[in-house]
Amino acid sequence: MSDSENTLPAVWAWEQQNGGQFAGINRPYAGARFDQALPVGQHAFQLYSLATPNGVKATVMFEELLERGYSDAEYDAWPIRIGDGDQFASGFVAVNPNSKIPALTDHTTSSPTRIFESGAILMYLAEKFGAFLPSDISVRTEALNWLFWQMGSVPFLGGGFGHFYYYAPETVPYAIDRFTMETKRQLDVLDKRLAETRYLAGDHYTIADIATWPWYGALALGRLYGAGDFLQVQTYENVRRWASEIDARPAVKRGRIVNRVWGEPEDQLPERHDASDFEYRTQDKLAGQS
């Protein structure tokens, strides 16, 4: 590479072709790009999302609440196809000005309450229903420690490692090496913690696990970025034990497929409006899904 190619301009200028796979939708500015209202279903909770790791956090949380018997947690889940730019519709931007999924509205309040950012959604639902966030101050704090660890760490995994290893239009060895090292360090942090405890907060399954599993659990199970061998995920035995245990939960099996619009047909449920939406898949298939 020549010196001129290594020299940054005095002022950055946006070149759309430099966005790689997301060049068609990424912009250096925020806000709505077109007018379109969001659909609203019959339930109090309206979720607008996609089954990416961040989206799965929200659908797993709803399904866990329903599994535990909180019938008031029924929800409508609408797909937001981020590759098509649905997140830039005026209705979605009104719920999440950051134009990222998941986004949620709660219609049980005097005027609909908007909740955006996956961690905020998990905390909101945990506090509203009094579930998956223990009241004991020490255990609650430990759960929040790990929840915010995940929120702060995962950009290095997703936007860092995932982007340069899987999505970038060209191989950048320095970037891959830098973010691989950080991703493996994070896996080691989790592995050491899970050598001591069953779940991240201790004996209790909490929103910390629900937030962390779709990213690091999927990575440890070899489902993310096709990077299992590259990262030698099999060496993180405690993370894999934890990931497999959560993977087997019925609510997690359901939550994984809500708003999913790719993969095998039996692994997709683009919209979810009622528990009966899962009935087309037999219980045997649901139990056998890994």
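Laboratory data are not the source of any read-out in this text; all were calculated from the coordinates shown. Just so it is clear, the model here is predicted, and its values are computed rather than measured. Every residue, glycine among them, receives a Cβ derived from its backbone with ideal geometry; neighbour counts consider all protein chains shown.
Computed values, structure above
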read-out: Alpha-carbon Rg with Dmax, taken over the stretch 8-105, Å; value: 16.5, 59
read-out: Relative packing of peptides 55-64, 145-154 - highest average C-beta neighbours within 10 Å first; value: 55-64, 145-154
read-out: Electrostatic dipole magnitude of the stretch 137-252 [Cβ: Lys, Arg +1; Asp, Glu -1; Cα centre; debye, to 20]; value: 120
read-out: Amide hydrogen neighbours beyond the local backbone of V261, cut-off 5 Å, H modeled; value: A51
read-out: Principal axis dimensions, largest first and in whole angstrom, of the stretch 122-183 by Cα; value: 48, 20, 11
read-out: Inter-centroid distance (Cα atoms) of the stretch 219-254 relative to the stretch 175-197, Å; value: 13
read-out: Antiparallel DSSP beta bridges within the stretch 9-148, percent to nearest 5; value: 55
read-out: Given charges at Cβ of Lys, Arg, Asp, Glu: the chain dipole, positive-most of G159, L47, A143; value: A143
read-out: Average Cα contact separation per residue, the chain, under 8 Å, 6 or more apart, as relative contact order %; value: 21
read-out: 29 Å Cα-Cα reach of K184 towards lysines, excluding residues that sit fewer than 8 places from it in its own chain; value: K57, K100, K192, K253
read-out: Square roots of five times the Cα gyration tensor eigenvalues for the stretch 46-195, Å; value: 29, 23, 12
read-out: For peptides 76-84, 104-112, 43-51, sequence by mean Cβ density within 10 Å, most packed first; value: 43-51, 76-84, 104-112
read-out: The stretch 137-252 - percent relative contact order, Cα under 8 Å, separation 6 or more; value: 27
read-out: Cα-based convex hull volume of the stretch 135-281 per residue, rounded to whole Å³; value: 127
read-out: 222 nm mean residue ellipticity, helices alone, for the chain (DSSP H n ≥ 4; -39,500 (n - 2.57); rounded to 500); value: -11500 deg cm²/dmol
read-out: Debye, to nearest 20: dipole size of the chain, +1 on Lys, Arg Cβ, -1 on Asp, Glu Cβ; value: 220
read-out: Computed Rg/Rh of the chain, alpha carbon atoms with Kirkwood Rh; value: 0.97
